[in-house]
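Some notes on the structure that comes next.
The values are calculated or read from the model by the stated rules, or taken from the named source; none is laboratory data. Bear in mind the structure is a predicted one, so any value in this text is a computation, not a measurement. As a convention, Cβ positions derive from the backbone with ideal geometry for all residues, glycine included, and neighbour counts pool all protein chains shown. Note: areas computed on protein heavy atoms with side chains; ligands, DNA, RNA excluded. Shrake-Rupley method; radii C 1.70, N 1.55, O 1.52, S 1.80 Å.
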Amino acid sequence: MERRDFLKQSTLASSLFFVPNFIKAFENVSKSTFKHKKLVIIQLSGGNDGLNTIIPYTNDIYFRNRPKLSIPKNNVIKATDELGFHKSLAPLKKLYDQGYVSIINNVGYPNPNRSHFRSTDIWQTASNADEYLSSGWVGRFIDKYGKNPYTAIELDDSLSLIMKGKNMNGIATKNPNILFANTNTAYFKKVLEQQTDAHLSEHNLGYLYKTMIEAKSSAKYIYETSKTYKSSLEYPNNPFGNQLKTTAEFINSDLDSKVYYVSMGGFDTHANQANKQSKLLKTYSESVEVFVNDLKKNDTFKDTLILTFSEFGRRVQQNAAGGTDHGAANNVFLIGENLKIKGFYNDAPNLVNIDTNGDLIHTVDFRSVYATILDKWLQVDDASILNKSFSKLNFI
């Protein structure tokens, strides 16, 4: 062999020699390194009573205002010297003890509106109290950063305002099989067959056809992709547990979706609150614990952030019916592996300095929570989605 050929072959051999190490290095990289960040939003609809959820069990004002509704100290799962969890939140307290939970107290907005519908709109659109928007903040995220409607999925049969953008909406489905079947009915196909280019250029009719075409395409993608993972964990058998189970199957099937929206109703506890709220919190915390375990089992928890909010809190003082009436500021839960502030993010609610309605005064604007998530978690321009800039928090 000539010297020139020898050097050539040696170089090739050397290159091949290093290939296995190169491949091995890739094999050692966690598969989650290549995953995108996911956000799961949970709304406790009806205005959950935050003071009986995270309880100021050493505050005499709390007990004086709720002589028949306050949670006795011996029923509180203590977390700090002044705050503890409702006993039904034992599964959430386990996640808290593992460093997976951050609780932000006193979250709300200026001039709070105590109407369920209006306050939900404000939280879903990220508007001011006197501002009315037709698009939600997740919808605007889809508009600007999503290529497809399934960028955001609501686990329901109808789409909430939060998921509606100006040009593109998210997808609503509790069951991908049913969604796929519905978009393949003879009627659906017949309507789409009537579509022409001229129709697409019409304002309202074009929007309808465009939405139907996108829905059909998204339904096919969700149906086919989500078949790759079926959860084997036992979720609580209730609608909320089922929603989280389907969400876990979407995430663990590696759907290219970035936001999931789940809601749980029943928190409007004007009467006989104690037992009702206890059952609801138990359902919430047990379902979330299984959900987190499902994600951890599949190495997707590190890429997932869970936000839980309610549209408002309840009054400090109990009412005559053994319940509480609509209030203002409330606590927000963040659950994930990447929290900078584990445990309580800020001070406990101030029960001395309350507003003229007897409600807690907010110290954290809810849009600062959104801005932080958009900027630091989803890594997008938060101001363009929230229509203005809000100060960032330090929880992630």
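³J(HN,Hα) across segment 354-365 via Karplus (A = 6.51, B = -1.76, C = 1.60, θ = phi - 60°), whole Hz, x for Gly/Pro?
10, 7, 5, 8, x, 10, 5, 9, 6, 10, 10, 6
With θ taken as phi - 60° and the coefficients 6.51, -1.76 and 1.60, list the Karplus ³J(HN,Hα) couplings across segment 94-105 in order, rounded to whole Hz; mark glycine and proline as x.
Calculated HN-Hα couplings, in order: 5, 5, 4, 5, 8, x, 9, 10, 10, 10, 9, 8 Hz.
Note the direction-averaged projected area, equal to a quarter of the hull surface, for the Cα convex hull of segment 268-333, in nm².
4.9 nm²
H362: accessible area at probe 1.4 Å, nearest 10 Å²?
Surface accessible to solvent at H362 totals approximately 50 Å².
Order the following by accessible area, largest value first: Y150, Y62, Y345. Probe radius 1.4 Å; ligands, DNA and RNA are ignored.
Descending order: Y345, Y150, Y62.
Taking K245 as the anchor, which aspartates and glutamates have their alpha carbon closer than 19 Å to its alpha carbon, excluding any fewer than eight residues away along the same chain?
Result set, ordered by chain and number: E154, D156, D157, E224, E234, D254, D256, E286, E289, D294, D299, D303.
Over segment 306-350, how many percent of alpha carbon pairs lie in each 5 Å bin up to the one with the longest distance?
The percentages, shortest bin first, are 5, 16, 22, 20, 15, 11, 6, 3, 1.
Given charges of +1 on the Cβ of Lys and Arg and -1 on the Cβ of Asp and Glu, with all other atoms neutral, how large is the dipole of segment 77-160 about its Cα centre, in debye to the nearest 20?
Around 220 debye, computed over segment 77-160.
What accessible area, in Å² to the nearest ten, does a 1.4 Å probe give for K392?
80 Å²
Quick one: of K302/K376; K147/K258; K87/K296; K282/K342; K37/K144; K342/K392, which pairs are farther than 19 Å apart, Cα to Cα?
Checking Cα-Cα distances, K87/K296; K282/K342 exceed 19 Å.
For the chain, which whole percent of the accessible surface, found with a 1.4 angstrom probe, sits on carbon and sulfur atoms?
Exposed carbon and sulfur together represent 51 percent of the surface.
Can you list the residues, at least 5 places off or on another chain, whose amide H is less than 5 Å from the amide H of I55, using H built in the peptide plane?
G84, F85, H86
Compute the distribution of all C-alpha to C-alpha distances in segment 204-339, in bins of 5 Å from 0, and list the percent of pairs in each, rounded to whole numbers.
Computed distribution, short to long bins: 2, 8, 15, 17, 15, 12, 11, 9, 6, 3, 1.
Among T308, T372, T356, determine the one that fluctuates most according to a GNM of the chain built with springs between C-alpha atoms less than 10 Å apart.
With Cα springs under 10 Å in the chain, the top fluctuation among T308, T372, T356 is at T356.
Which of the three applies to segment 93-183, rounded, prolate or oblate, going by the alpha-carbon gyration tensor with a ≥ b ≥ c and a/c under 1.5 meaning rounded?
oblate
With charges set only on the Cβ (+1 for Lys and Arg, -1 for Asp and Glu), what does the dipole of the chain come to about its Cα centre, in debye to the nearest 20?
About 700 debye.
Quick one: Karplus J couplings for segment 298-315, per residue in order, coefficients 6.51, -1.76, 1.60, θ = phi - 60°, nearest Hz, x for Gly and Pro?
Along segment 298-315, the couplings run 9, 6, 10, 5, 5, 9, 10, 10, 10, 10, 10, 9, 10, 5, 6, x, 10, 4 Hz.
Considering only DSSP beta bridges with both partners in the chain, what is the antiparallel share in %, to the nearest 5?
Around 40 percent antiparallel, to the nearest 5.
Quick one: Kirkwood hydrodynamic radius for the chain, alpha-carbon pairs, angstrom, one decimal?
Every distinct Cα pair counted, the radius reaches 23.0 Å.
With all protein chains present, calculate the accessible area of Y223 using a 1.4 Å probe and round the result to the nearest 10 Å².
Counting only protein heavy atoms, the figure is 60 Å².
Top to bottom by accessible area (1.4 Å), largest first, where do E154, E286 land?
Ranking E154, E286 by accessible area, largest first, yields E286, E154.
Before I look further, what does the chain give for accessible area per residue, probe 1.4 Å, in whole square angstrom?
With all protein chains present, the chain gives 47 Å² per residue.
Taking springs between alpha-carbon atoms closer than 10 angstrom, which of Y284, Y145, Y260 fluctuates most in the Gaussian network model of the chain?
Highest fluctuation among the options: Y145.
How charged is the neighbourhood of L69? Take every other residue with its Cβ under 11 Å from the Cβ of L69, and add Lys/Arg as +1 and Asp/Glu as -1.
+3
Evaluate the charge dipole of segment 209-259 about its Cα centre and quote only its size in Debye, nearest 20, assuming +1 on the Cβ of each Lys and Arg and -1 on the Cβ of each Asp and Glu.
I would put it at about 180 debye.
Could you work out the helix-only [θ] at 222 nm for the chain, with each DSSP H run of four or more residues adding -39,500 (n - 2.57) and the total divided by the number of residues, to the nearest 500 deg cm²/dmol?
Theoretical 222 nm ellipticity from helices: -12000 deg cm²/dmol.
In degrees from 0 to 90, rounded to the nearest 10, what is the angle of the helix 273-297 Cα long axis to the longest principal axis of the chain?
20 degrees
Using only the heavy atoms of the protein chains and a 1.4 Å probe, how would F390, F291 rank by accessible area, largest first?
Highest to lowest solvent-accessible surface, that is F390, F291.
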